[in-house]
Amino acid sequence: MMKKIRTLLFCLLLFFVLIASLPLILPLNSYKPQLEKRLSSLLQAQVQLETVAFSYQPWPVFTLNNVKIDGDAGKIEQISVPVNLFNVFQRGNSLKNVTVAGVKLRPALAFTLPKRFAALEQDRITLGDVALSKASVLLEQGELGPIDGVIRFTKNGTMDDLQLADEQGRLDVHIKPKGDNIGVIVQASSWELPLGYPVVFEKLYMSGEGSPEGLLIDDIRGEAYGGVLSGKAQLTRQTNWDLQGQLVAKGVHSEPLSKIFSPATFVSGRMDAEAQFIFRAADYLKLFAQPQIDANFLVRDGSIHNMDLVAQLRAGETPAGRGGQTRFDTLKGKMRIRDHAVQLQSMALGAGKFNAQGAVQIAGGRLNGSVSGRLQAGVLLIANQIRLSGELSKPALNSGSVARTGVQPPAPVDIEPIQ
């Protein structure tokens with residue numbers, strides 16, 4: 001028994017001595033042509049390596065540096081293959097713990113990766129999980145990324161799943177082969193979707209199918225501001241990038257949502273809404289810079305804050321209308337967003353004996369509009385046309401970015417009768 005243990009220890013010692021001596025006894029770069037030929041065959045592409053090296057990080061590892069795939073179609077800063085017992089005894093037929101850093105791929109190459117990995121099965125080469133770091137998709141202008149992830153393979157060597165996640169752990173993306181295309185599942189929590197305004201989703205789930213021509217998202221489900229959302233969307237690329245879709249919202253708390261557009265004069269209550277959106281730009285990075293949104297909304301049992309329309313009708317003079325609240329049973333209308341201006345049209349407010357109709361625009365930090373109010377008090381009927389105007393703190397536009405701007409203290413809204 002002791003003899004077997006000593007033999008095993010001796011073999012292990014010999015193995016580590018051999019590993020430590022590899023940089024001295026192997027002219028690694030002399031193997032570069034064979035490696036390029038082998039990788040080109042496996043990936044069905046022209047692969048070029050700058051150098052092949054050996055180092056300790058702190059464990060022994062072979063690295064392939066500055067890998068080019070089909071010219072500028074794909075670039076990889078470094079592929080690292082650890083020299084461990086499993087990889088050595090498998091003699092290259094199976095590899096584990098491979099890491100790939102600094103990946104930059106053109107969309108056409110990225111979409112064909114599942115088929116290219118299928119060639120591994122023909123050569124009976126299997127891979128364990130491959131860790132990705134700083135992976136990006138190169139666009140005509142700029143890039144999408146970088147992001148970290150893991151590629152998982154089936155036992156026969158074909159690609160099973162690509163998982164991507166952000167550093168904060170709020171975004172989780174799974175990409176799977178689906179015939180000639182790819183299946184995409186996105187799950188997010190406490191995530192600010194770059195839709196032109198900083199709308200935060202507590203939970204968001206999206207699934208769809210992608211191809212070199214675009215992405216069809218046929219299932220959107222989410223939770224935001226205490227309500228639930230559902231919808232569909234489609235991203236296409238022809239002359240311009242084009243994202244179109246629909247969202248339906250139920251039971252949303254309107255106060256935090258309306259404060260995004262107007263921090264001073266906002267609406268509380270529970271809102272249902274149906275929205276159509278279009279985002280279009282020549283540059284993907286500017287896709288969300290000019291939102292085009294059309295929505296129908298209905299808010300129940302709420303208030304308009306910093307605006308007292310009833311007091312204005314009763315007083316008949318401007319000072320009485322500044323500040324305060326306007327309670328309502330229902331508030332419905334249409335919202336239209338163009339060029340970072342929010343237009344509220346065909347609005348109708350109902351509050352028992354008081355009702356009002358009107359339209360408002362919020363743009364450049366100002367609120368402007370007019371309302372026709374009507375108050376029935378017994379045999380007394382009060383009606384008037386009221387003009388609304390005032391300076392507001394500017395809404396926090398994100399223009400496709402996730403950065404927020406500061407919110408200033410609210411300013412009063414001027415309310416005056418139109419003579």
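The values are calculated or read from the model by the stated rules, or taken from the named source; none is laboratory data. None of the values given here were measured: they were computed from a predicted structure. Note: ideal-geometry Cβ built from the backbone for every residue, glycine included; neighbour counts use all protein chains shown.
Here are the numbers:
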{"read-out": "Those residues of the range 345-359 which are surrounded by fewer than 20 Cβ atoms within 10 Å (Cβ to Cβ) and outside any loop (DSSP other than H, G, I, E, B), in sequence order", "value": "Gln345, Ser346, Met347, Ala348, Gly350, Ala351, Asn355, Gln357, Ala359"}
{"read-out": "Top-ranked residue in the range 256-304 [being in a helix (DSSP H, G or I) and among the aromatic types (Phe, Trp, Tyr); ranked as nearest to Asn240 (Cα to Cα)]", "value": "Tyr284"}
{"read-out": "Within the range 182-195, considering residues that are in contact with a Leu (Cβ under 9 Å, 6 or more places away or on another chain) and at pLDDT 80 or above, the one nearest to Leu43 (Cα to Cα)", "value": "Ile182"}
{"read-out": "Answer from Thr112, Thr99, Thr126, Thr158 - the residue that is among the hydroxyl-bearing types (Ser, Thr, Tyr), modelled with pLDDT of 80 or more and surrounded by 14 or more Cβ atoms within 10 Å (Cβ to Cβ)", "value": "Thr99"}
{"read-out": "Members of the range 156-191 found to be of a type in the set (A, V, I, L, M) and closer than 25 Å to Leu229 by Cβ, listed by number", "value": "Leu164, Ala165, Leu171, Val173, Ile175, Ile182, Val184, Ile185, Val186, Ala188"}
{"read-out": "Sole residue being of a type in the set (D, E, K, R), modelled with pLDDT of 90 or more and assigned by TED's automatic domain parsing to the domain that holds Ala295, chosen from Arg336, Arg374, Arg366", "value": "Arg336"}
{"read-out": "Flag if Asn384 is touching a Pro at 6+ places or on another chain (Cβ under 6 Å) and modelled with pLDDT of 80 or more", "value": "yes"}
{"read-out": "Selected residue (criterion: farthest from the chain's Cα centre (by Cα)) from residues of the range 230-286 that are over 30 Å from Pro107 (Cβ atoms) and surrounded by fewer than 16 Cβ atoms within 10 Å (Cβ to Cβ)", "value": "Gly251"}
{"read-out": "So Phe328, is it aromatic (Phe, Trp, Tyr), in contact (Cβ under 8 Å) with a residue 24 or more places away in the chain and part of a strand (DSSP E or B)", "value": "yes"}
{"read-out": "Filter result (assigned to a strand (DSSP E or B) and surrounded by 14 or more Cβ atoms within 10 Å (Cβ to Cβ)) within the range 332-344", "value": "Lys332, Gly333, Lys334, Met335, Arg336, Ile337, Val342, Gln343, Leu344"}
{"read-out": "All positions within the range 50-77 that are outside any strand (DSSP E or B) and more than 15 Å from Val98 (Cβ to Cβ)", "value": "Glu50, Pro58, Asp70, Gly71, Asp72, Ala73"}
{"read-out": "Qualifying position, being on the phi > 0 side of the Ramachandran plot and not hydroxyl-bearing (Ser, Thr, Tyr), among Gly251, Gly210", "value": "Gly251"}
